[in-house]
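Participant: Take this structure first; my questions come after.
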Amino acid sequence: MQCGHTGRNLIETNAVYVIVAREFKKFIREKSRLISTLARPLIWLFLVGGGMSKLVSFGSGISYMQFIFPGILGMTILFSSIFSSISIIWDKEFGLMKEILVAPVSRFSIVIGKALSGMVISVLQTIIILMLFPFLGMELSILSILSIIGIASLLAFCISALGIIVATFFESFESFGAIINFIVMPMFFLSGAMYPVDKLPSILKVITRINPLTYGVDAFKHAIFSDSSIHDFSLLTDLTFLVISSIIAVAVASFLFERKG
Amino acid sequence: MSIIKVENLSKDFGSISAVKNVSFEVEEGTIFGFLGPNGAGKTTTINILCTLLSPTSGKAFISGHNCKDEPSSVRKSIGVVFQDTTLDKDLTAYENLLFHAYLYNVKRSDRKARIHDALHFLDLYDRKNDLVKTFSGGMKRRLEVARGLIHKPRVLFLDEPTLGLDPQSRAHLWEFIVKLPEMHNVTIFMTTHYMEEAEVCNKIAIIDNGEIITRGTPTELKKTVGGDVIYIKTSDNMKAGPEIEKLFNITVNDKNGELYLTVPKGDALIPEIIRTIGEKVLSVRLQRPTLNDVFLKITGKQIREENVSSNDTMKNAVRSYRKKFDRN
């Protein structure tokens, strides 16, 4: 038995590493994917945000474009994490998932590997978008930049893990459009990314309360704006919610993976 | 010693029984062929042995480990080449193998050497830094075999390894496969519906509609068909036929102007025939039985693809069922 003692460890570090490394390498190689994923937040920020700035104003001296900046960071994470996770559907259709499933690797490690892949790719893109802050007339300290990156990592891990749960329910890529229309877009709009959530009708408000993106965007607002009237929750609430939902999502995803492959 | 042991294995997909009460054993270091038409239950059996499916009833063991209860131990000791490619086409050949080496926790110091050995062995070393999407079908299949060897498995599963390849690539792949047991100390479990390819196997089990209908070495199985067939063209079939019947005490038939007779050892009989009725003989040919004839004799049908459409329907039914309900 040359193949070591993988069975005894909860997480096989080699397997987790190589799952992340593969995604990372493919991401770096596919320049078109990077450009297209960066295009979406840029369009929203400058074309929607820029246009709306003329109509909407906040008393506190924050322009609409600045107001949606945390939401745009959230959007970058939402889309790239979900895309990264539903690449599992792609792997199922084109076979690589079978190679992973017959390997002596626990389903938990596969889920952790996939969630970390989504996290790494999302955070890289978020950093690129984040670096636009001077063009929006904003000032950020090194500390707030670092805390944004920290929050981004947590949020991206959480959403990637949720994406894996979604991916286990689909067999082919034809369902891609449905995932975007019925899961991703509602998550985006009901997160406080584009407008403050307290203006929503109460039924929709319930959804914002269980949407991890709401807490991620809120945490970004903490890190970006000093004005406290703009937050919905305390930073502690935001982070706690994200940590707990990450743990639940990983547990559920591992369970589903074990059962469904 | 048996490295694979299957006892009364059954697998149902809803109301369809894909595998029915199948039992067999595979000796270590041999090539075992699992033959049958499409949809006969070959892939389902492989998936159970590879821990991707759990059986409805019965047991399967690989080097003593139960495939259902000890999947991790089983997975460590097997390599699998699936019917459909499972390579990452956007990575290079080397990267695909490296991915595998990490996944199977191959020691850091061994990784590179093992990958290089496998690439050399399957004649792909020159292409190691090319993206897999530039590879031909035959090269992809060879790369998958190379990948299956990286972690030194004790059993290598090959599910229809030559499906969809042109004759030249098929022959090329077989050259490597037959060397595997000796050179890589591995037992081969392969499925195919190309009967002629199964000639290289040490042992064969023929499966049809989920049941094993016969088993043995290729030679043993072919013997059951009743021996060689000698075809003779003569200047006067009407006279020569009865003459041979009388001399050798065997039935001679006439088909399309050719006499034919079935005998246990055709090569020994041909000189005798020439000696006795030589002046009338225009041509003689000997046809040895093939595994196809074995299948034909037992089931009354050809194994070839054009005759398995009903099985294909079943295969599709099983596949769509699995997609819907049973991913276990």
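No value in this document is a laboratory result; all are computed from the given coordinates. Bear in mind that the values here come from a model prediction, so they are computed numbers and not experimental data. Every residue, glycine among them, receives a Cβ derived from its backbone with ideal geometry; neighbour counts consider all protein chains shown.
Participant: Between B:Thr134 and A:Leu47, what FRET efficiency comes out of the Förster formula 1/(1 + (r/R0)^6) with R0 = 30 Å and r the beta carbon distance, rounded to 0.05?
Facilitator: 0.15
Participant: Mind jotting down the distance between the C-alpha centroids of the range B:173-188 and the range B:104-122, whole Å?
Facilitator: A separation of 17 Å, based on Cα centres.
Participant: A follow-up question, please. Which entries in A:Lys92/B:Lys42; B:Lys140/B:Lys301; B:Lys5/B:Lys203; B:Lys59/B:Lys301; B:Lys255/B:Lys280 show an alpha-carbon gap greater than 24 Å?
Facilitator: Long pairs (Cα-Cα over 24 Å): B:Lys140/B:Lys301; B:Lys59/B:Lys301.
Participant: Please list, in order along the range A:63-71, the HN-Hα scalar couplings obtained from phi with the Karplus expression 6.51 cos²θ - 1.76 cosθ + 1.60 (θ = phi - 60°), rounded to whole Hz, x for Gly and Pro.
Facilitator: Couplings: 6, 4, 4, 5, 4, 7, 4, x, x Hz.
Participant: Compute the relative contact order of chain A as a whole-number percentage, counting only Cα pairs closer than 8 Å that sit 6 or more residues apart in sequence.
Facilitator: 24 percent
Participant: Suppose only helical runs count, i.e. DSSP H with n ≥ 4. What mean residue ellipticity at 222 nm does that imply for chain A under -39500 (n - 2.57) per run, divided by all residues and rounded to the nearest 500 deg cm²/dmol?
Facilitator: Computed mean residue ellipticity for chain A: -22500 deg cm²/dmol.
Participant: Given the rule -39500 (n - 2.57) for each run of at least 4 DSSP H residues, summed and divided by the residues of chain B, what is its mean residue ellipticity at 222 nm, to the nearest 500 deg cm²/dmol?
Facilitator: -11500 deg cm²/dmol
Participant: Shifting gears a bit: Among A:Gly95, A:Thr168, A:Ser63, flag the residue with its Cα farthest along the positive direction of the charge dipole of chain A, charges on Cβ as +1 for Lys/Arg and -1 for Asp/Glu.
Facilitator: A:Gly95
Participant: Karplus couplings for the range B:227-235 from phi (6.51 cos²θ - 1.76 cosθ + 1.60, θ = phi - 60°), rounded to Hz, Gly and Pro as x?
Facilitator: Karplus values, whole Hz, x for Gly and Pro: x, 7, 10, 9, 9, 10, 9, 10, 6.
Participant: Show me A:95-107, A:66-78, B:99-111 ranked by packing, highest mean number of other Cβ atoms within 10 Å first.
Facilitator: A:66-78, A:95-107, B:99-111
Participant: Kindly state, to the nearest 0.05, the FRET efficiency for B:Glu272 paired with B:Glu196, given R0 = 35 Å and r defined as their beta-carbon distance.
Facilitator: The formula returns an efficiency of 0.75 here.
Participant: Quick one: plug the Kirkwood hydrodynamic radius of the protein assembly as shown (C-alpha pairs) into Stokes-Einstein at 25 °C, 0.890 mPa s, and report D in µm²/s.
Facilitator: 88 µm²/s
Participant: Compute the distance in nm between two label points, each set 7 Å from the Cα along the Cα-to-Cβ direction, one at B:Lys255 and one at A:Ala39.
Facilitator: 6.5 nm
Participant: Would you kindly compute the Cα radius of gyration of the range B:227-287 and its largest Cα-Cα separation (Dmax), both in Å?
Facilitator: So, for the range B:227-287, Rg and Dmax equal 10.0, 26 Å respectively.
Participant: So if I place +1 on the C-beta of Lys and Arg and -1 on the C-beta of Asp and Glu, and nothing else carries charge, what would the dipole magnitude of chain B be about its Cα centre? I want it in debye, nearest 20.
Facilitator: In debye, rounded to 20, chain B gives about 940.
Participant: If you don't mind, another one. So how far, in whole Å, is the C-alpha centre of the range A:116-191 from the one of the range B:42-70?
Facilitator: Using only Cα atoms, the two centres lie 40 Å from each other.
Participant: Moving on. Could you go through the range A:96-107 in sequence order and give the Karplus-derived ³J(HN,Hα) for each residue, using 6.51 cos²θ - 1.76 cosθ + 1.60 with θ = phi - 60°, rounded to whole Hz, and x for Gly and Pro?
Facilitator: With coefficients 6.51, -1.76 and 1.60, one gets 4, 4, 5, 4, 6, 6, 8, 7, x, 10, 5, 5 Hz.
Participant: Here is a follow-up. Just how large is the dipole of the range B:124-270 about the Cα centre, in debye to the nearest 20, putting +1 at every Lys and Arg Cβ and -1 at every Asp and Glu Cβ?
Facilitator: 660 debye
Participant: Could you calculate the FRET efficiency of B:Met1 with B:Glu70 from 1/(1 + (r/R0)^6), where r is the beta carbon distance between them and R0 is 22 Å, rounded to 0.05?
Facilitator: The calculated FRET efficiency here is 0.75.
Participant: Does the range A:116-261 come out rounded, prolate or oblate, given a ≥ b ≥ c as the square roots of the eigenvalues of its C-alpha gyration tensor, rounded meaning a/c under 1.5 and, failing that, prolate meaning a/b above b/c?
Facilitator: Note, shape of the range A:116-261 comes out prolate.
Participant: Using only the alpha carbons, work out the radius of gyration and Dmax of chain A in angstrom.
Facilitator: 18.9, 69
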